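A quick write-up on the structure given underneath.
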Amino acid sequence: MKDKNNFIYPYIPNSLPEFKQSMMREIGINEVDELYQDIPKELRFKGKMNLPKPLHSEMDLKRHMEEILSKNRTCEENVSFLGAGCWRHYVPAICDEINSRAEFLTAYAGEPYEDHGRFQALFEYESMMAELVDMDVVNVPTYDGAQAAATSLRMASRITGRKEVLIAGAIHPERLLVIKNYLNPDIKVISVNYDKVSGQVDLEDLRQKVSSKTAAIYFENPTYFGCIECQGENISRIAHEEGALMVTFVDPISLGVIAPPSHYGADIVCGDIQPLGIHMNYGGGCGGFIATRDEEKFVMEYPSRLFGITRTVVEGEWGFGDVAYERTSFAKREEGKEFVGTAAALWGITAGVYLALMGPQGMKDIGKTIMQKAQYAARKLSAINGVKAPLHDAPYFKEFVVDFNATGITVEEVNNALLKEGIFGGKDLSREFPPLGQSALYCITEVHSKNDIDHLVETLNEILTR
């Protein structure tokens, strides 16, 4: 720091004026603005950003950040029944131990000769994930499940040469926005109604909308409402009769007890690996997977990296490396089918640790535990006067819609009252899906004890009878 009026921020290297001048002379510019000449002037911000004054010491910065973080209300000191795309599952200590190791913590880029161990770790993840979804090929994780879904649909469009996709209406609204943005402007998105009673795909509406222009039919299983889509074979038949592909987004932790989409005709399976040993990091901790059959028409349309195993020049030795690297944007750059930047490779390694730890029997056990607890919770909630749970009559896995319409109280009021008692209530659906009225999406996983569920029911009963 030179003086109070000319503060040099201690956390930005080479920020002393003489250092800046030296660097600018080296690259042949007089002003920093010259670096932005390619950006039209009307798009450049000309004023001063409304930023707080810089803190003068690391101690002050630490104190400031701790004050902000102390305002958080976490799932450690509160019981959370929120889900809707980012779920609280138990994270075994070994998952944190492995992904915090220095050789994995920066699990990005690199080549086989310098990152052979990381390549092997991701190959093992891909292999176990492929076994879980019963497909042949799985990619290195994309940024999140929404990107995996959007990329899967672009892959389907390239494979079929068609420019329309049908998407089931019971989809996560934010995921739908990502898909629309990613497919815009050259692939048209058409919504398919969901049955109001079951929460599943309206097959009659699907039959009316599918055509020779359809590249893919996409649905989520379980749906955003938590319903298990039991019509997969029928949807697959409808898609394939028109020459379209079926793309299914799935919750991987459900596959210990629910048949994988490949068993009912899915051509591309995608989803988010966040439930597999990854913490909820303020909405983060997500990683998208894509899985297909080992057919060239599918493999060559993956924009992301695939790691495989092969023999080396040394007799009896095996090595790990990229599969068909030339198809990726890393190799083709601007000529790539899609551009893939930062991947969630660290979460892929973490999910691999989780799957290795659990094994097939562990995945089956956790799936059964979740379903049993969810059914117990729904039954107890439905016993409250004016409450219906679940709203839909389809089977469900860990999430279900709770209907508060008959109580005369809004979900917002219910959630505010629950929060005062240290409970995060269900996701309010009244704005996302107005036809459902005052309804909320509740999530039950293996972390919820019987006491947690009973406490929720007792507290709700008190709130609704005041």
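For Thr142, indicate whether it is open to solvent by less than 60 Å² (accessible area, probe 1.4 Å) and hydroxyl-bearing (Ser, Thr, Tyr).
yes
Which one is farthest from the chain's Cα centre (by Cα), of the residues in the range 68-95 that are loosely packed, with under 11 Cβ neighbours inside 10 Å and assigned to a helix (DSSP H, G or I)?
The residue in question is Ile68.
Going by the structure shown, is Met65 out of contact with any Pro (no Cβ under 9 Å at 6 or more places or on another chain), under 30 Å from Gly422 (Cβ atoms) and in a helix (DSSP H, G or I)?
For Met65, the condition - out of contact with any Pro (no Cβ under 9 Å at 6 or more places or on another chain), under 30 Å from Gly422 (Cβ atoms) and in a helix (DSSP H, G or I) - is met.
Please determine whether any residue of the range 253-266 is buried (at least 24 other Cβ atoms within 10 Å of the Cβ), touching a helix residue (DSSP H, G or I) at 6+ places or on another chain (Cβ under 7 Å), touching a residue at least 60 places away in the same chain (Cβ under 8 Å) and under 20 Å from Leu122 (Cα atoms).
yes
Any residue in the range 292-314 that is over 17 Å from Ala345 (Cβ atoms) sitting within a Cβ distance under 8 Å of a residue that is of a type in the set (A, V, I, L, M, F, W, C) and part of a loop (DSSP other than H, G, I, E, B)? List the pairs, counting only those 6 or more apart or interchain.
Within 8 Å, the pairs are Thr292/Met135; Arg293/Met135; Val299/Leu306; Val299/Val323; Val299/Ala324; Met300/Ala324.
Quick test of your reading of the structure: Phe119 fulfils all but one of (1) more than 20 Å from the chain's Cα centre (by Cα); (2) open to solvent by 10 Å² or more (accessible area, probe 1.4 Å); (3) closer than 30 Å to Asn99 by Cα. Name the failing condition by number.
(2)
Applying the selection to the range 434-459, what residues are in contact (Cβ under 8 Å) with a residue 60 or more places away in the chain and under 21 Å from the mean Cα position of the chain (by Cα)?
Scanning the range 434-459 gives Leu441, Tyr442, Cys443, Ile444, Thr445, Glu446, Val447.
If a residue must be in a strand (DSSP E or B) and open to solvent by less than 50 Å² (accessible area, probe 1.4 Å), how many such residues does the range 418-427 contain?
Count: 2.
Scan the range 380-403 and give yes if some residue there is of a type outside the set (Asp, Glu), in a helix (DSSP H, G or I) and crowded, with 22+ Cβ neighbours inside 10 Å, otherwise no.
Yes, the range 380-403 has at least one match.
Quick check on the range 137-155. Is at least one of its residues more than 14 Å from Arg305 (Cβ to Cβ), outside any helix (DSSP H, G or I) and modelled with pLDDT of 90 or more?
Yes, some residue in the range 137-155 is more than 14 Å from Arg305 (Cβ to Cβ), outside any helix (DSSP H, G or I) and modelled with pLDDT of 90 or more.
Can you tell me which residue in the range 154-175 is farthest from the chain's Cα centre (by Cα), limited to those that are farther than 20 Å from Phe225 by Cα and either surrounded by 24 or more Cβ atoms within 10 Å (Cβ to Cβ) or among the β-branched types (Val, Ile, Thr) (or both)?
Thr160
Taking only the range 190-211 into account, find how many residues are open to solvent by less than 40 Å² (accessible area, probe 1.4 Å) and assigned to a strand (DSSP E or B). Show your work before the answer.
Looking only at the range 190-211, we keep the residues that are open to solvent by less than 40 Å² (accessible area, probe 1.4 Å), and these are 190, 192, 194, 198-201, 203, 205-206, 210-211.
Of the ones still in play, those that are also assigned to a strand (DSSP E or B) are 190, 192, 194, 201.
Of the residues in the range 190-211, 4 are open to solvent by less than 40 Å² (accessible area, probe 1.4 Å) and assigned to a strand (DSSP E or B).
Just to be sure I understand the filter: pairs with C-beta atoms under 7 Å, separated by 6 or more residues or on different chains, first member in the range 17-33 and closer than 25 Å to Phe45 by Cα, second member of a type outside the set (A, V, I, L, M). Which pairs pass?
Close Cβ pairs (under 7 Å, with a partner that is of a type outside the set (A, V, I, L, M)) amount to Met23/Asn14; Met24/Asn30.
Considering only the range 299-332, state which residues are in a loop (DSSP other than H, G, I, E, B) and open to solvent by less than 10 Å² (accessible area, probe 1.4 Å).
Within the range 299-332, Tyr302, Pro303, Ser304, Leu306, Thr328 qualify.
Here is a check on your reading of the model: is Ile98 farther than 30 Å from Leu429 by Cβ, modelled with pLDDT of 95 or more and either open to solvent by less than 100 Å² (accessible area, probe 1.4 Å) or assigned to a helix (DSSP H, G or I) (or both)?
Judged against the criteria, Ile98 is not a match.
Please go through the range 68-97 and pick out each residue that is of a type in the set (A, V, I, L, M, F, W, C), more than 25 Å from Asn416 (Cβ to Cβ) and in contact (Cβ under 8 Å) with a residue 24 or more places away in the chain. It would help to see each step written out before you state the result.
First pass over the range 68-97, keeping only residues of a type in the set (A, V, I, L, M, F, W, C): 68-69, 75, 79, 81-82, 84, 86-87, 91, 93-95.
Pick out the ones that are also more than 25 Å from Asn416 (Cβ to Cβ) and you get 91, 93-95.
Answer for the range 68-97, where residues must be of a type in the set (A, V, I, L, M, F, W, C), more than 25 Å from Asn416 (Cβ to Cβ) and in contact (Cβ under 8 Å) with a residue 24 or more places away in the chain: Val91, Ile94, Cys95.
Taking the condition of being part of a helix (DSSP H, G or I), modelled with pLDDT under 90 and either among the β-branched types (Val, Ile, Thr) or within 38 Å of the chain's Cα centre (by Cα) (or both), how many residues in the range 10-32 meet it?
1
Name the residues in the range 431-466 that are surrounded by fewer than 17 Cβ atoms within 10 Å (Cβ to Cβ), among the small types (Gly, Ala, Ser) and farther than 17 Å from Cys75 by Cβ, would you?
Listed by number, the list holds a single entry, Gly437.
What number of residues within the range 333-355 satisfy the criterion of being surrounded by fewer than 14 Cβ atoms within 10 Å (Cβ to Cβ) and over 19 Å from the mean Cα position of the chain (by Cα)?
3
For residues that are loosely packed, with under 14 Cβ neighbours inside 10 Å and on the phi < 0 side of the Ramachandran plot, tally how many sit in the range 358-373.
Number satisfying all stated conditions: 4.
The values are calculated or read from the model by the stated rules, or taken from the named source; none is laboratory data. All of these numbers come straight from a predicted model, not from anything done at the bench. Using ideal geometry, Cβ is built from the backbone for each residue, glycine included, and neighbour counts are taken over all protein chains shown. Protein only, heavy atoms only, side chains kept; ligands, DNA and RNA dropped before computing areas. Shrake-Rupley method; radii C 1.70, N 1.55, O 1.52, S 1.80 Å.
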